[in-house]
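Everything below concerns the one structure shown next.
The values are calculated or read from the model by the stated rules, or taken from the named source; none is laboratory data. Fair warning: this is a prediction, and the values are worked out from it, not measured in the lab. Note: ideal-geometry Cβ built from the backbone for every residue, glycine included; neighbour counts use all protein chains shown.
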Amino acid sequence: MSRNESRRALRALPAWVNGGLVLGALAAALILERHRPLRRETQPKLRRDARNLAIAGVAGAGLTVLQAPVIGPLTRLVTKRRWGLLNLVKMSEPAKTFLSVVLMDYTLYVWHWLTHESTFLWRFHEAHHVDLDLTATTATRFHFVELMLSVPWRAAQVLLIGVSPRAFSIWQTATTVQILFHHSNVRLPGALERILSRIIVTPRMHGIHHSIVKDETDSNWATIFSFCDVLHGTLRLNVPQEAITIGVPAYRSEEELTFGKSLALPFRKNLHTWTRPAQPAPERGPLALPKTTLAA
């Protein structure tokens with residue numbers, strides 16, 4: 001990497017670029033959800049979106065306080081000291097940035113899998129899944145403790161991979177935009193989504209991940225690139241959207257999912273992690289299409 005490339009690697013994307021792309025993606029998703037909905041929503045949209053964005057505000061504040069003092073300095077130190085896997089091989093700055101995004105996305109897949117497999121982490125991730133509808137604002141609905149717990153993992157990602165400030169900011173922006181996209185309740189043309197789902201995570205694909213059927217929730221953990229699910233055999237595309245019920249079986253009432261109760265959810269003494277006692281777990285019968293064929 002040349003000296004000029006090294007200087008560029010130390011400069012993160014300007015905040016206005018990140019903010020503009022994220023806000024633009026959110027606005028576009030909200031508009032398209034009104035005109036091309038993929039699933040019928042079950043809650044009053046304005047009240048639900050306001051609640052999700054309020055939860056996001058708390059989470060964002062907590063993440064900023066904890067992550068900013070750690071990750072920014074660490075990416076600069078990693079770049080200057082040439083730590084991490086990608087700094088062991090001589091390559092151009094664009095190539096290193098691209099590989100950083102790919103490897104950050106792959107290791108985020110592993111973190112997402114852990115939030116489902118670890119009983120402790122699921123307590124906090126469940127606050128994301130209990131939403132009774134899946135739309136762009138669900139993408140912002142993460143419990144503040146979950147995001148704060150992700151900071152050590154993020155630091156390990158940066159250190160192991162060797163991520164520069166610029167690469168990290170590009171990955172972070174791409175991840176946020178992509179999360180807004182694949183959580184959105186937007187119906188894309190079937191032919192287009194079949195092509196896109198071979199490369200990136202799409203709304204139909206992630207809708208299956210938010211199903212109340214456990215076998216379907218335990219699939220499609222990828223964030224940006226769908227190859228992560230292909231690689232691990234967790235890709236699931238064959239569930240029709242009209243057959244999906246969004247959420248967690250134990251929490252089917254909006255009254256249980258208010259702003260305060262959502263924040264308090266992980267700390268409940270009688271937390272139901274999937275179903276309530278004696279409640280049968282929802283199951284899905286045989287489907288017409290093969291597992292990796294996208295259903296309409």
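Observations on the structure shown:
- Asp133 being in contact (Cβ under 8 Å) with a residue 60 or more places away in the chain, surrounded by 18 or more Cβ atoms within 10 Å (Cβ to Cβ), in contact with a strand residue (DSSP E or B) (Cβ under 9 Å, 6 or more places away or on another chain) and more than 30 Å from Arg40 (Cβ to Cβ): no
- Thr275 being at pLDDT 95 or above, surrounded by fewer than 12 Cβ atoms within 10 Å (Cβ to Cβ) and part of a loop (DSSP other than H, G, I, E, B): no
- Odd one out for Ala191 among (1) touching a Ser or Thr at 6+ places or on another chain (Cβ under 8 Å); (2) free of Cβ contacts under 8 Å to residues at least 60 places away in the same chain: (1)
- Residue within segment 192-206 that is outside any helix (DSSP H, G or I), touching a helix residue (DSSP H, G or I) at 6+ places or on another chain (Cβ under 9 Å), basic (Lys, Arg) and surrounded by 17 or more Cβ atoms within 10 Å (Cβ to Cβ) present: no
- Members of segment 255-272 that are within 30 Å of Asn238 (Cβ to Cβ) and assigned to a helix (DSSP H, G or I): Leu257
- Residue in segment 224-236 that is surrounded by 17 or more Cβ atoms within 10 Å (Cβ to Cβ), of a type in the set (Ser, Thr, Tyr) and either at pLDDT below 95 or in contact with a His (Cβ under 8 Å, 6 or more places away or on another chain) (or both) present: no
- Number of the exception - Val239 against (1) surrounded by fewer than 21 Cβ atoms within 10 Å (Cβ to Cβ); (2) at negative phi; (3) part of a loop (DSSP other than H, G, I, E, B): (1)
- Pick from segment 70-106, criterion among the hydroxyl-bearing types (Ser, Thr, Tyr) and surrounded by 16 or more Cβ atoms within 10 Å (Cβ to Cβ), ranking: farthest from Arg166 (Cα to Cα): Tyr106
- The helices (runs of 4 or more DSSP H) located wholly in segment 1-120 that include 2 or more residues which are within 30 Å of Phe259 (Cβ to Cβ) and without any contact (Cβ under 8 Å) to a residue 60 or more places away in the chain occupy 15-35, 45-81, 93-117.
- Yes/no for Ile170 being in contact (Cβ under 8 Å) with a residue 60 or more places away in the chain and not basic (Lys, Arg): yes
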